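What follows is a set of notes on a single structure, which appears directly below.
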Amino acid sequence: MIRCEPTELDGVYTITPRVLADERGFFMETYNLQKYRSAGIDRTFVQDNYSHSCRGTVRGLHYQLHSPQAKLVSVVWGEIYDVAVDIRVGSPTFGGWVGQVLSEKNRCQLYIPEGFAHGFCVLSEQADVMYKCTDFYDKDDDYGILWSDPSVGIEWPNIQTILSEKDRLLLPLADVPRDRLPVYRD
C-alpha cells in the first residue's frame with residue numbers, strides 16, 4: 001500500500017511508500033504499477049534516470065514540450081528539495097509551485113505530471129536521485145525556466161547554489177515565448 005497525497009497543484013502528489021523495517025534494515029517497493037494505478041497515477045514509465053550531485057547543486061527547472069514527461073522522483077541517498085512549477089498556459093495555477101523535501105530517511109516520492117517544470121536543490125553533502133519518466137529524453141525538446149525567477153517565487157533553501165551554465169542562462173517564465181510552453185487542457 002502507498003499513501004498518495006495531493007498537493008496544492010492539481011495532479012502533483014506526494015507519495016509515501018510502505019516500508020517494512022526491522023533490525024536488518026528495510027524493504028520497500030519503489031514502484032508497483034497496480035498500486036500506483038489504484039492511487040490515481042495511471043502512467044507508463046519508459047525511462048529511469050539517476051543523478052548524483054553535491055550540496056547546493058540546483059538542477060532545473062526543466063521540461064519537454066513536444067514529448068512531455070511525467071516524473072516520479074525519489075532519493076536513494078541524501079536529501080533534496082524537489083520542486084514542480086505549473087507552466088501550462090491557461091492553467092488556473094499557472095506559475096504556481098510546490099516543494100517537497102525528499103530524502104533517504106523519509107523515503108517520500110514526488111509525482112509530477114506532464115506540463116510542469118521540475119528541478120531540485122541538494123541539501124545534504126551529496127545526494128543520489130532517481131526518477132522515472134513517461135517519455136524518453138530528447139535533447140532537441142529540452143526547455144527550462146530560471147530556477148530563481150522572482151515572479152514564480154520559489155522559496156529555495158538558503159544555501160550557496162551551484163548551477164550549470166545551461167541552467168544559469170534560462171529565462172524567467174514571463175519571458176518564455178508562449179509557443180514554448182505547454183497548454184492547459186481541462
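Does any residue in segment 153-179 that is within 26 Å of residue 127 (Cβ to Cβ) and free of Cβ contacts under 8 Å to residues at least 12 places away in the same chain come within less than 9 Å, Cβ to Cβ, of a residue that is aromatic (Phe, Trp, Tyr) and surrounded by 10 or more Cβ atoms within 10 Å (Cβ to Cβ) six or more places away or on a different chain, and which pairs are these?
168/147
I'm trying to understand the selection: among the residues of segment 38-71, which are closer than 21 Å to residue 7 by Cα and not in a strand (DSSP E or B)?
38, 39, 40, 41, 42, 43, 68, 69, 70
So, residue 117, is that one farther than 29 Å from residue 18 by Cβ and either buried (at least 24 other Cβ atoms within 10 Å of the Cβ) or within 9 Å of the chain's Cα centre (by Cα) (or both) or not?
It is true that residue 117 is farther than 29 Å from residue 18 by Cβ and either buried (at least 24 other Cβ atoms within 10 Å of the Cβ) or within 9 Å of the chain's Cα centre (by Cα) (or both).
For residues that are of a type outside the set (A, V, I, L, M) and within 19 Å of residue 183 (Cβ to Cβ), tally how many sit in segment 59-96.
Total meeting the criteria: 16.
Output the residues belonging to segment 120-164 that are under 25 Å from residue 15 (Cα atoms), outside any loop (DSSP other than H, G, I, E, B) and aromatic (Phe, Trp, Tyr).
120, 131
Restrict the check to segment 131-153 and report whether at least one residue is at negative phi, within 14 Å of the chain's Cα centre (by Cα) and basic (Lys, Arg).
yes
Can you tell me which residue is surrounded by the fewest Cβ atoms within 10 Å (Cβ to Cβ) among those in segment 14-60 that are among the acidic types (Asp, Glu) and closer than 21 Å to residue 129 by Cβ?
Of all residues in segment 14-60, those among the acidic types (Asp, Glu) come to 22-23, 29, 42, 48.
Applying the additional criterion that residues be closer than 21 Å to residue 129 by Cβ yields 29, 48.
On the way: 29: 13, 48: 11.
Restricting to residues being among the acidic types (Asp, Glu) and closer than 21 Å to residue 129 by Cβ, the top hit is 48.
Being surrounded by fewer than 17 Cβ atoms within 10 Å (Cβ to Cβ), in a loop (DSSP other than H, G, I, E, B) and touching a strand residue (DSSP E or B) at 6+ places or on another chain (Cβ under 8 Å), is that true of even one residue in segment 72-90?
Checked against the condition, which is being surrounded by fewer than 17 Cβ atoms within 10 Å (Cβ to Cβ), in a loop (DSSP other than H, G, I, E, B) and touching a strand residue (DSSP E or B) at 6+ places or on another chain (Cβ under 8 Å), segment 72-90 yields at least one hit.
What do you reckon, is residue 19 over 14 Å from residue 109 (Cα atoms) and in contact (Cβ under 8 Å) with a residue 12 or more places away in the chain?
No: the conditions fail for residue 19.
Counting just the residues of segment 1-33 that are among the hydroxyl-bearing types (Ser, Thr, Tyr), in contact with a Ser or Thr (Cβ under 7 Å, 6 or more places away or on another chain) and modelled with pLDDT of 95 or more, which one comes out farthest from residue 96 (Cα to Cα)?
14
Do any residues in segment 79-103 that are under 17 Å from residue 147 (Cα atoms) and charged (D, E, K, R) have Cβ atoms under 7 Å from those of residues that are at pLDDT 95 or above and assigned to a strand (DSSP E or B), where the two are at least six apart or on different chains, and which pairs are they?
82/73; 82/99; 82/100; 82/102; 82/110; 82/120; 86/116; 88/183
Just the residues that are touching a Leu at 6+ places or on another chain (Cβ under 9 Å), closer than 21 Å to residue 90 by Cβ and aliphatic (A, V, I, L, M), please, taken from segment 1-25.
Initially, segment 1-25 is screened for residues touching a Leu at 6+ places or on another chain (Cβ under 9 Å), giving 7, 12-15.
Of the ones still in play, those that are also closer than 21 Å to residue 90 by Cβ are 7, 12.
Selection gives 12 alone.
The values are calculated or read from the model by the stated rules, or taken from the named source; none is laboratory data. If you're wondering where the values come from, they're calculated on a predicted model, not measured in any experiment. Glycine gets a Cβ as well: all are built from the backbone with ideal geometry, and neighbour counts include every protein chain shown.
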